[in-house]
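To start, the structure under review is shown below, and the notes come after it.
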Amino acid sequence: MPPRIAIPMPHSTDREYGERAIPQYERAVLLAGGEPVRIPLDRRPEEVGALMDRCAGVLLPGSNADIDPARFEQARSPHTAKSDPRRDDVDTLLLDDAYARRKPVLGICYGLQSLNVYCKGSLIQHIPDFLPEATRAKVNHEAGRTVAIAHSVEVSGDTLLAKIIGKADRNEKSDDGRSIVVPVNSSHHQSAEAIGEGLRIAARCPDDGIIEALEGTAPDHFVLAVQWHPERSVDDDEGSSKLFRALIEATKG
């Protein structure tokens, strides 16, 4: 039986967005050899728990919401979108279960931010407000789904992420013999700031330093999160496919 992967619905009230977005994550899991399991955001905790019991791993997808900055003790920026408490509550339930039972976790975009805040980290609420003027216009992190390659990401060579993607794409190049530079898409205006407990930085945007990937520090627990959207590029990019295959393989460990 393929390992089941829990995927919370991306948004609790914007149903059109959720139904449009989640099939891409489900397809990526299926192509990698897993069985996606949708986790509704309107169920009681015990019902969510029953669904989680059937799942061997967790995929935290993107969202068009922003996490409530009160959760990381910041005042709200005027650029911060409305939060989605139901999505955050379900993410917390999934991560509680994953950390307690060492289930592998893959976070994507909002999923990275959710993971970092769960681990007591903080977020940059609006990237242009954070960057100095000299680097602000170098990268458009909000490029969106119509831009296949928005910028590059530099992956540290001593990371789980580097081991997973390797030299997966002909467009990759070695920067200094250790790091790996890969082209990615981009659809976000927030990013990780202070890194949460038990996490470390795995990749940054070389043009402006924005954090692009985090991973867990515990050797016995697969925890990985990327700020871009590999589910959109699994057909064209081997590195994207490898991320989902690594999640599935981790469930077998």
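Residues in segment 181-192 that are farther than 21 Å from Asp66 by Cα and either modelled with pLDDT under 95 or touching a Phe, Trp or Tyr at 6+ places or on another chain (Cβ under 7 Å) (or both): Val184 only.
Among the criteria (1) buried (at least 22 other Cβ atoms within 10 Å of the Cβ); (2) farther than 19 Å from Gly121 by Cα, the one Asp84 does not fulfil is (2).
Looking only at residues of segment 217-252 that are farther than 19 Å from Leu30 by Cβ and free of Cβ contacts under 8 Å to residues at least 60 places away in the same chain, we find that the one that is nearest to the chain's Cα centre (by Cα) is Thr217. Pairing each residue of segment 57-81 that is assigned to a loop (DSSP other than H, G, I, E, B) with any residue that is among the acidic types (Asp, Glu) and modelled with pLDDT of 95 or more, provided the two are 6+ apart or on different chains, yields C-beta distances under 6 Å for Ala65/Asp84; Thr80/Asp66; Ala81/Asp66.
Only residues that are farther than 20 Å from Pro61 by Cβ and out of contact with any Ser or Thr (no Cβ under 9 Å at 6 or more places or on another chain) were counted in segment 109-130, giving 3. Taken residue by residue, segment 7-14 has at least one member that is without any contact (Cβ under 8 Å) to a residue 60 or more places away in the chain, surrounded by fewer than 19 Cβ atoms within 10 Å (Cβ to Cβ) and over 22 Å from Asp235 (Cα atoms). Set side by side, the residues Asp91, Asp84, Asp68 differ, and just one is among the charged types (D, E, K, R), in contact with a Ser or Thr (Cβ under 8 Å, 6 or more places away or on another chain) and under 25 Å from Lys252 (Cα atoms), which is Asp91. Any chance segment 98-113 includes a residue that's surrounded by fewer than 24 Cβ atoms within 10 Å (Cβ to Cβ), more than 14 Å from the chain's Cα centre (by Cα) and free of Cβ contacts under 8 Å to residues at least 40 places away in the same chain? Yes, the conditions are met somewhere in segment 98-113.
Looking across segment 16-47, the residues that are assigned to a helix (DSSP H, G or I), surrounded by 20 or more Cβ atoms within 10 Å (Cβ to Cβ) and touching a residue at least 24 places away in the same chain (Cβ under 8 Å) come down to Ala21, Ile22, Tyr25, Ala28, Val29. Ser179: under 16 Å from Val155 (Cβ atoms), surrounded by fewer than 23 Cβ atoms within 10 Å (Cβ to Cβ) and in contact (Cβ under 8 Å) with a residue 60 or more places away in the chain, yes or no? No; evaluated as a whole, the condition is false for this residue. On the given criteria, is Lys120 touching a Gly at 6+ places or on another chain (Cβ under 6 Å), surrounded by fewer than 18 Cβ atoms within 10 Å (Cβ to Cβ) and in contact (Cβ under 8 Å) with a residue 12 or more places away in the chain? Judged against the criteria, Lys120 is a match. I'm trying to understand the selection: among the residues of segment 34-64, which are farther than 18 Å from Phe222 by Cβ and in contact with a Phe, Trp or Tyr (Cβ under 7 Å, 6 or more places away or on another chain)? Within segment 34-64, Gly62, Ser63, Asn64 meet the criteria.
The values are calculated or read from the model by the stated rules, or taken from the named source; none is laboratory data. A quick note: this is a predicted structure, and the numbers were derived from the prediction, not measured. In this analysis, Cβ positions are derived from the backbone assuming ideal geometry, glycine residues included, and neighbour counts consider all displayed protein chains.
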